[in-house]
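Enquirer: Can you keep this structure in mind? I'll have questions shortly.
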Ligand code: MEV
């Protein structure tokens, strides 16, 4: 082995997962940190004193060495379909919770948010290869379709009792896109569960039945009997698990101060949305702002924000071009701002019954069903976009952002309470920039 490879391999380890937690930490701090005692202390300072809570977190994933904290904030005053909510948000980005709260308060005085779940269907697929006659495969699928479903009965029994289960299975010919490629394309209703385990278990059973039944299907040739299942997995693209959130009011009611009239505000706002509709560079940032609100609530309620992100962005490109998720119009003197997005969420199963803070967040939301949570999350996204566009089209985003950023910079420089008070006062009338804050801290410290 060359010297370079030896140096690289000195950081490799086998059997790591079998080490105890303290052995893992020892290996990490000794292998990667010059000040191993300090590194160990940083990791340990985030351990929970309550052994049961710590063990719970240790067991969420493998190789846990510590906990990674994010702030959990709340945004009150969300009026949704005439019910008032305080929304929990887990997010590190300063200004997101403040923006959500501001938008909530703004619409509280103007009738609140109106929401509706459009559909709740989820999708899973068995991807397989078959090189033979299409009619024979179609005939085979029709023959075994009932068995595909009945073979999953052990898995679907409870879900069916509650009113959910498998909705349908279709055979899809994808050979135009890829030679020999077919799918079992299945749709599911998973009620209050996000349903990933349920769907994947059903799909894996479909795959087994498909393969086994093919081996004894009389109309297949020897080659046709040999169906090759490539994989079975749910899809995070859920365009039929859709929720709509909307706000509207008279254009003149949009005005909060005399400097910008309701009409001016509404026109500029609609233009901003229209720009995001036609310009992908802008649309990505526009939608990122929506996801600031969505991810924060999805995370706080123990749902899978990566799944939501992937599905929402795919939906934003559903017409072949990446575009705005929100829409706005002015009609007959009424301003309407709305969004329809796919959200596959759960309020039972997964982390929802395990993580004490997730349980608390769901209780704060009055233990919502998955459908109710879809509506709350969509509102958080719409509110966030409203707040962002409102700032962008009036004062600009930096005013609010830098005010929040000021606290982060002050903390970075370990400013004490008196320094914080003085500098917050100073920056009420001065522009916040990183260098201006550093200069002001230094000036204050020299003076004292
Ligand atoms: C920042 O996290 C989000 C914004 O950039 C969104 C937007 O531009 O609409 C402010």
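Read the figures in this text as sums done on the coordinates, not as results from a lab. The shown structure was predicted, so the numbers you read here are calculated from the model rather than taken from an experiment. With ideal geometry, Cβ positions are generated from the backbone for all residues, glycine too; neighbour counts draw on all protein chains shown.
Enquirer: Under the Kirkwood approximation for Rh and a Cα-based Rg, what ratio Rg/Rh is obtained for the stretch 400-447?
Expert: Values: Rg = 9.5 Å, Rh = 10.5 Å.
Reported Rg/Rh (Cα atoms, Kirkwood Rh): 0.90.
Enquirer: In terms of the Cα gyration tensor, with a ≥ b ≥ c the square roots of its eigenvalues, is the stretch 3-58 rounded because a/c is under 1.5, prolate because a/b exceeds b/c, or oblate? Write down the numbers at each step before the final one.
Expert: On the way: a/c = 4.19, a/b = 1.81, b/c = 2.32.
Oblate, because a/c is 1.5 or more while a/b does not exceed b/c.
Enquirer: How far apart, in nanometres, would the label points at residue 62 and residue 255 be if each is projected 7 angstrom from Cα along the Cα-to-Cβ direction?
Expert: 6.3 nm
Enquirer: Can you compute the modelled spin-label distance between residue 32 and residue 133, with each label point 7 Å from Cα toward Cβ, in nm?
Expert: According to this spin-label approximation, the distance is 6.0 nm.
Enquirer: Between 249, 241, 202, find the one with the highest GNM mean-square fluctuation for the chain; connect C-alpha pairs within less than 10 Å.
Expert: Fluctuation is largest for 249.
Enquirer: If you don't mind, another one. If you count the DSSP beta bridges with both ends in the chain, what percent of them are antiparallel, to the nearest 5? Each step should come with its number before you reach the end.
Expert: Numbers: 48 of 50 bridges.
Looking only at bridges with both residues in the chain, the antiparallel portion is about 95 percent.
Enquirer: Listing 199, 155, 53, 418 from the residue with the fewest other Cβ atoms within 10 Å to the one with the most, what is the order?
Expert: Details: 199 26, 155 19, 53 15, 418 10.
In increasing order of surrounding Cβ atoms, one gets 418, 53, 155, 199.
Enquirer: Taking the highest mean first, how do the peptides 431-441, 355-365 order by number of other beta carbon atoms within 10 angstrom per residue? If you can, show how the numbers build up before the last one.
Expert: Values: 431-441: 15.2, 355-365: 16.9.
In descending order of packing, they fall as 355-365, 431-441.
Enquirer: Can I ask one more? Which of 184, 254, 410 ends up with the largest GNM mean-square fluctuation for the chain, with Cα atoms connected below 10 Å?
Expert: 410
Enquirer: Express in nm, to one decimal, how much length is gained between residue 430 and residue 392 on full extension, taking 0.36 nm for each residue of separation and deducting their alpha carbon distance.
Expert: Numbers: separation 38, 0.36 × 38 = 13.68 nm, distance 1.98 nm.
Here the answer is 11.7 nm.
Enquirer: Would you compute, from DSSP H runs of 4+ residues alone, the mean residue ellipticity of the chain at 222 nm, taking -39500 (n - 2.57) per run and dividing by the full residue count, rounded to the nearest 500? Mind dumping the intermediate values first?
Expert: Working: 16 runs with 219 residues, N = 448.
So the helix-based figure for the chain works out to -15500 deg cm²/dmol.
Enquirer: Please label the shape of the stretch 173-223 as rounded, prolate or oblate, based on the square roots a ≥ b ≥ c of the eigenvalues of the alpha-carbon gyration tensor (a/c under 1.5 means rounded; beyond that, a/b larger than b/c means prolate, else oblate).
Expert: On the way: a/c = 3.58, a/b = 1.69, b/c = 2.11.
Here the stretch 173-223 falls in the oblate category.
Enquirer: To continue, here is another question. Label the stretch 10-163 by shape, choosing from rounded, prolate and oblate, from the square roots a ≥ b ≥ c of the eigenvalues of the Cα gyration tensor; if a/c is under 1.5 it is rounded, and otherwise prolate applies when a/b is larger than b/c, oblate when it is not. Each step should come with its number before you reach the end.
Expert: Working: a/c = 2.68, a/b = 1.18, b/c = 2.27.
Judged from the Cα gyration tensor, the stretch 10-163 comes out oblate (a/c at least 1.5, b/c at or above a/b).
Enquirer: Continuing with this model, one more query. Only Cα pairs within less than 10 Å get springs; with that Gaussian network setup on the chain, which residue of 19, 351, 203 has the largest fluctuation?
Expert: Most flexible of the set in this elastic network: 19.
Enquirer: Using only the alpha-carbon atoms, what does the chain span along each of its principal axes? Please give whole angstrom values in decreasing order.
Expert: 91, 72, 44
Enquirer: Each label point is 7 Å from the Cα along the Cα-to-Cβ direction; what then is the distance between the points at residue 174 and residue 39, in nm?
Expert: 4.3 nm
Enquirer: Quick check: the distance between the Cα centres of the stretch 357-411 and the stretch 32-69, to the nearest angstrom?
Expert: 29 Å
Enquirer: Along each principal axis of its Cα atoms, how long is the stretch 296-416 end to end? Whole angstroms, biggest number first, please.
Expert: Sorted from largest, the Cα extents of the stretch 296-416 read 53, 43, 30 Å.
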